[in-house]
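The structure under discussion appears below in the form of structure tokens.
The values are calculated or read from the model by the stated rules, or taken from the named source; none is laboratory data. No experiment lies behind these values; they were computed from the predicted model shown. Using ideal geometry, Cβ is built from the backbone for each residue, glycine included, and neighbour counts are taken over all protein chains shown.
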Amino acid sequence: MRAKLAEVKDQIKRRRHLPIPEQGKWLGSVVRGHLAYYAVPGNTDSVQAFRAEVTRYWFQALRRRSQRTRVNWKRMSLYEKRWLPPARPMHPFPIVRFNVRTQGRSPVR
């Protein structure tokens, strides 16, 4: 996770001056990809930590964009809710998946 966060932090710095909707779309796809792979039941804390760190890096980058007006956490929470998907399990428990395969006239039985 540290390596991926370092990579995301570097990319956020490079994309700092792009419009916020463009940054939000890109970061949303990054977080969605992370969720698609790692958001299994029991790993919610790690996924939430990844999303929180991405939000913090994005906040730091947005605060460096201007000398006059700064983004505060109130506004940042709106950006976060708008662009980043919530951290929740994306896959069912294994027992649920295996039940589906072995019901009825399944050749697995």
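Brief remarks follow.
- Boolean, residue 46 is within 15 Å of residue 4 (Cβ to Cβ), surrounded by fewer than 16 Cβ atoms within 10 Å (Cβ to Cβ) and not charged (D, E, K, R): yes
- Pairing residues of region 61-74 that are without any contact (Cβ under 8 Å) to a residue 40 or more places away in the chain with residues that are part of a helix (DSSP H, G or I), at Cβ distances under 7 Å and at least 6 apart in sequence or on separate chains, gives 70/63; 71/59; 71/62; 71/63.
- Selection status of residue 70, over 15 Å from residue 23 (Cβ atoms), modelled with pLDDT under 90, surrounded by 11 or more Cβ atoms within 10 Å (Cβ to Cβ) and among the charged types (D, E, K, R): yes
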